[in-house]
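Note sheet for the following structure.
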Amino acid sequence: MEKNILIVDDTQMNRKLLKEVIEKSIENVKVLEAEDGFAALEILDENEINVVILDIMMPQKDGIEVLQDIKKKDRLKDIPVIMWSAINTIDSVEKALKLGALDYFTKPLSPNDMKVALPLKIMNAIDYYEQKLKLIEYNEHIKSEMELAQNLQKSLIVEEADFENVSIYGKYIPTEEIGGDFFSAKDVNGNTWFIIADVSGHGVASAMLSTMISVVYDMSIQTYNKPNIVLRQINKLLYKTFEGYRNSLASAVVGLIKENQVYISSAGHPPVIIYKKDEDEIDQISIDGFLLGVMEDANFDVIQYDLKKGDVLFLYTDGLFDNGLGIEFFKAENVTAYCHLNKTDINYDIKKYVDHMVDFFKNKGTKGFIDDVAVLSILKK
Amino acid sequence: MDIFLKDNIFIFKIKTDLTATTIKGLLINIKNQIDEYKEYEGIEMNLEEVKSIDSMGITFLIGIYKIVNKENKKFKLTGVSEAMLKLFKTMKLHEIVEIEKA
């Protein structure tokens with residue numbers, strides 16, 4: 001495909017000389033000319049230009065001003081600009097390069113410039129622009145795909161729902177467009193299942209793994225009636241997956257609310273917090289369990305708790321308390337401590353309570369959240 | 001990381017935190033060592049100077065364990081603090097990996 005090269009110089013003889021050099025040494029190019037900065041900008045607006053050769057010293061609108069105008073426009077800012085200038089304006093050359101000009105050469109042109117240097121500089125600039133356009137296109141494609149993936153992931157996570165026996169409210173905050181944490185709550189045959197899971201790392205790989213967990217979980221809760229068995233199914237799948245991909249592990253809590261009982265099983269996940277309304281107490285439910293994908297035939301424990309009207313379960317992933325400061329291992333205790341200190345607010349507005357909790361921990365570190373965060377509250381009706 | 005070879009057991013003494021930012025380099029280094037000397041009989045990871053560990057750090061340790069376990073070789077964590085041991089017990093890591101307290 002023919003490349004368009006724009007020569008901008010107020011001296012006709014200079015334009016003619018450059019045009020001859022370019023047409024003689026580079027194939028498949030068309031040379032356009034502009035005698036001043038205004039004409040140059042007009043040609044740039046109306047044509048697809050691949051390289052601009054720009055004289056610095058021009059009346060009314062000099063090359064620096066033209067360069068600045070080019071760099072301000074989204075459509076034009078990536079076009080390579082080669083400045084050319086007399087030696088005694090080296091300060092201007094420096095300024096031009098700092099403004100983003102790709103290269104420069106000085107007047108007058110030597111025979112070597114005409115034969116070798118200038119054609120090579122222009123061909124390099126043409127290649128550079130081609131690569132840059134491909135990169136821009138690729139980035140836009142990736143961005144668009146990530147947006148689709150993000151919307152898909154968001155649709156799989158229901159942050160707020162009202163069931164017959166419970167209402168849920170949660171928040172999901174990935175560090176990148178998509179992440180490896182997720183939670184879910186569903187009514188199956190009049191009972192409420194819930195899960196919160198955390199795939200280590202974040203980004204596309206973690207998101208894919210968490211989607212796999214979500215699918216196996218959805219299928220298992222239709223078949224089994226114990227959370228520890230559901231975890232076993234998830235574990236079997238992940239063990240096979242992690243045999244070939246050792247860069248990830250997962251933790252999870254799966255629970256089942258049946259009438260006034262909750263059954264909870266954990267795979268190496270931070271403790272579940274329970275607020276008992278009648279006693280106005282906060283309790284921490286810690287269950288030891290293998291991380292998912294570590295041991296093929298892992299068994300998981302299940303514990304049973306009474307759950308009365310007004311009681312609230314809080315589940316979260318370690319991104320909530322991991323501020324990267326590395327001071328303590330058991331920062332999960334900080335979450336329980338927070339719930340304890342603020343328990344009087346739980347009864348007023350559970351959504352505000354969860355929002356405040358998330359804000360509190362986000363502001364605790366100097367960099368905000370450094371890992372994906374999921375928080376889920378379950379209020380027993 | 002300090003590396004020793006004693007009675008055909010690699011001893012890797014970790015001197016940084018075990019977090020997402022540090023593990024990549026450690027993993028490459030360890031893999032290079034065990035690839036170069038396949039006659040090793042086991043790995044000991046000394047965590048005495050590790051002050052912080054996150055989920056990627058745990059993934060890293062279990063990743064090394066799985067590599068070694070696949071070759072039927074020994075794996076041990078040493079210099080483990082009380083707090084770290086408590087974390088490992090939450091994940092039942094002590095049931096599959098030999099752990100020695102600091």
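Assuming 0.36 nm per residue, please report the length gained on full extension of the stretch A:LYS98 to A:GLU23 beyond their Cα-Cα distance.
Value of the extension gain: 24.1 nm.
Would you jot down the residues in region B:25-67 that end up with at least 30 Å² less accessible area in the complete protein assembly than in the chain alone, with a 1.4 Å probe?
Residues shielded by partner chains are B:LYS51, B:SER52, B:SER55, B:MET56, B:THR59, B:ILE62, B:LYS66.
Report D for chain B in µm² per second (integer): Stokes-Einstein, Kirkwood Rh on Cα pairs, 20 °C, 1.002 mPa s. Don't jump to the answer; show the numbers that get you there.
Working: Rh = 13.5 Å.
D, rounded to a whole number, is 158 µm²/s.
For the protein assembly as shown, what log10 I(q)/I(0) values come out of the Debye formula at q = 0.13 1/Å, with one point per alpha carbon and no solvent?
Taking Cα atoms of the protein assembly as shown as identical point scatterers yields -1.04.
May I ask you to give the solvent-accessible area per residue for the protein assembly as shown, in square angstrom, as obtained with a 1.4 angstrom probe?
Computed with neighbouring chains in place, this is 49 Å² per residue.
Just the number, please: Stokes-Einstein D of region A:35-194 in µm²/s, Kirkwood Rh from C-alpha pairs, 25 °C, 0.890 mPa s.
Translational D for this selection: 121 µm²/s.
Taking 7 Å along the Cα-to-C-beta vector as the label spot, tell me the B:HIS94-A:THR223 distance in nanometres, rounded to one decimal.
My value for the distance between the label points is 3.5 nm.
Return the FRET efficiency for the residue pair B:ILE3, A:GLU296: r is the Cβ-Cβ distance, R0 is 25 Å, and the value is rounded to the nearest 0.05. Write out the running numbers ahead of the final one.
On the way: r = 31 Å, r/R0 = 1.24.
After rounding to 0.05, the efficiency reads 0.20.
Mind listing the phi-derived Karplus ³J(HN,Hα) values for region B:2-8, rounded to whole Hz, using 6.51, -1.76 and 1.60 with θ = phi - 60°, and x for any glycine or proline?
8, 10, 10, 10, 10, 6, 6
Determine the calculated [θ] at 222 nm for chain B from helices alone, applying -39500 (n - 2.57) to every DSSP H run no shorter than 4 residues and normalising by the residue count; nearest 500 deg cm²/dmol.
Details: 3 runs with 39 residues, N = 102.
When only DSSP H runs of four or more count, the value is -12000 deg cm²/dmol.
Most fluctuating residue of A:SER25, A:SER210, A:SER167 in a GNM of chain A with Cα springs under 10 Å: which is it?
A:SER25
Counting DSSP beta bridges in the protein assembly as shown, what percent are antiparallel, to the nearest 5?
Given both bridge residues lie in the protein assembly as shown, the antiparallel proportion sits at roughly 65 percent.
Got a sec to turn the phi values of region A:36-42 into Karplus ³J(HN,Hα) couplings, 6.51 cos²θ - 1.76 cosθ + 1.60 with θ = phi - 60°, whole Hz, x for Gly and Pro?
7, x, 5, 4, 4, 5, 5
Evaluate the distance, in nm, between pseudo-label points positioned 7 Å from the Cα of B:LYS73 and of A:THR344 along their respective Cα→Cβ axes.
6.0
Determine the relative contact order of region A:166-232: mean sequence separation of Cα pairs under 8 Å and six or more apart, normalised by residue count, in whole percent.
Averaging sequence separation for qualifying contacts and normalising by length gives 27 percent for region A:166-232.
Using a 1.4 Å probe on protein heavy atoms only, how many Å² of accessible area do B and A hide from each other, summed over both chains and rounded to 100?
Between B and A, the summed buried area is about 2100 Å².
Would you mind checking A:LYS171/A:LYS308; A:LYS24/A:LYS143; A:LYS309/A:LYS331 for any pair whose Cα atoms are more than 32 angstrom apart?
A:LYS24/A:LYS143
For a Förster distance of 41 Å, can you work out the FRET efficiency between the beta-carbons of B:LYS66 and A:ALA149, rounded to the nearest 0.05?
Rounded to the nearest 0.05, the efficiency is 0.90.
Would you pull out the residues with amide H under 5 Å of A:ILE53's amide H, same chain only if 5 or more places away, H placed 1.01 Å from N?
Close amide H contacts, sequence-distant or interchain: A:LEU6, A:ILE7, A:VAL8, A:ILE82.
What percentage of the solvent-accessible surface of chain A, computed with a 1.4 Å probe over protein heavy atoms, is contributed by carbon and sulfur atoms?
Ligands and nucleic acids excluded, carbon and sulfur give 50 percent.
For a quick check: with amide H placed at 1.01 Å from N, whose amide H comes under 5 Å from A:VAL373's, ignoring anything fewer than 5 positions away on the same chain?
Sorted by chain and number, the residues that satisfy this are A:ILE173, A:THR175.
For chain B, set up a GNM with springs between Cα atoms under 10 Å and report which of B:LEU47, B:LEU18, B:LEU27 has the largest fluctuation.
B:LEU27
Give me the angle, in degrees from 0 to 90, between the Cα long axis of helix A:350-364 and the longest principal axis of the Cα atoms of chain A, rounded to the nearest 10.
Roughly 50 degrees between the two axes.
Please say if region A:1-96 is rounded, prolate or oblate, where rounded means a/c under 1.5 for a ≥ b ≥ c the square roots of the C-alpha gyration tensor eigenvalues, and otherwise the choice is prolate for a/b larger than b/c and oblate otherwise?
Taking the square roots of the gyration eigenvalues as a ≥ b ≥ c, region A:1-96 is oblate.
Quick one: helix B:23-36 against the long Cα principal axis of chain B, what's the angle to the nearest 10°, folded into 0 to 90?
Roughly 30 degrees, rounded to the nearest 10.
At 25 °C and 0.890 mPa s, what whole-number value in µm²/s does Stokes-Einstein give for the translational diffusion of region A:261-305, with Rh from the Kirkwood sum over Cα pairs?
Working: Rh = 11.8 Å.
Roughly 209 µm²/s, to the nearest whole number.
With the crude spin-label approximation of a point 7 Å out along Cα→Cβ, what separation in nm comes out for B:LYS51 versus A:SER286?
Distance between the two pseudo-spin positions: 2.4 nm.
Over region A:32-80, one equal point on each Cα, no solvent: what is log10 I(q)/I(0) by the Debye formula at q = 0.31 Å⁻¹?
Reported log10 I(q)/I(0), two decimals: -1.45.
Report the convex hull volume per residue for region A:70-118, counting only C-alpha atoms, in Å³.
Cα-based convex hull of region A:70-118, divided per residue, equals 71 Å³.
Per residue of chain A, what 222 nm ellipticity follows from adding -39500 (n - 2.57) for every DSSP H run with n ≥ 4, rounded to the nearest 500? Each step should come with its number before you reach the end.
Numbers: 9 runs with 146 residues, N = 381.
Rounded to the nearest 500, the figure is -12500 deg cm²/dmol.
Can you figure out the FRET efficiency of A:ILE90 with B:LYS31, using R₀ = 51 Å and their beta-carbon distance, to the nearest 0.05?
0.45
Could you give the distance between the Cα centres of region B:55-102 and region A:72-116, to the whole Å?
60
Using Cα-Cα distances under 8 Å and only pairs 6 or more residues apart, what relative contact order does chain A have, in percent?
The value is 13 percent.
The values are calculated or read from the model by the stated rules, or taken from the named source; none is laboratory data. Since the model is a prediction, treat every value here as computed from it, not as a measurement. Cβ coordinates were reconstructed from backbone atoms using ideal geometry, including for glycine residues, and neighbour counts include every protein chain displayed. Ligands, DNA and RNA are stripped out before the accessible areas are found, and what is left, the full protein with its side chains, is counted by its heavy atoms. Shrake-Rupley method; radii C 1.70, N 1.55, O 1.52, S 1.80 Å.
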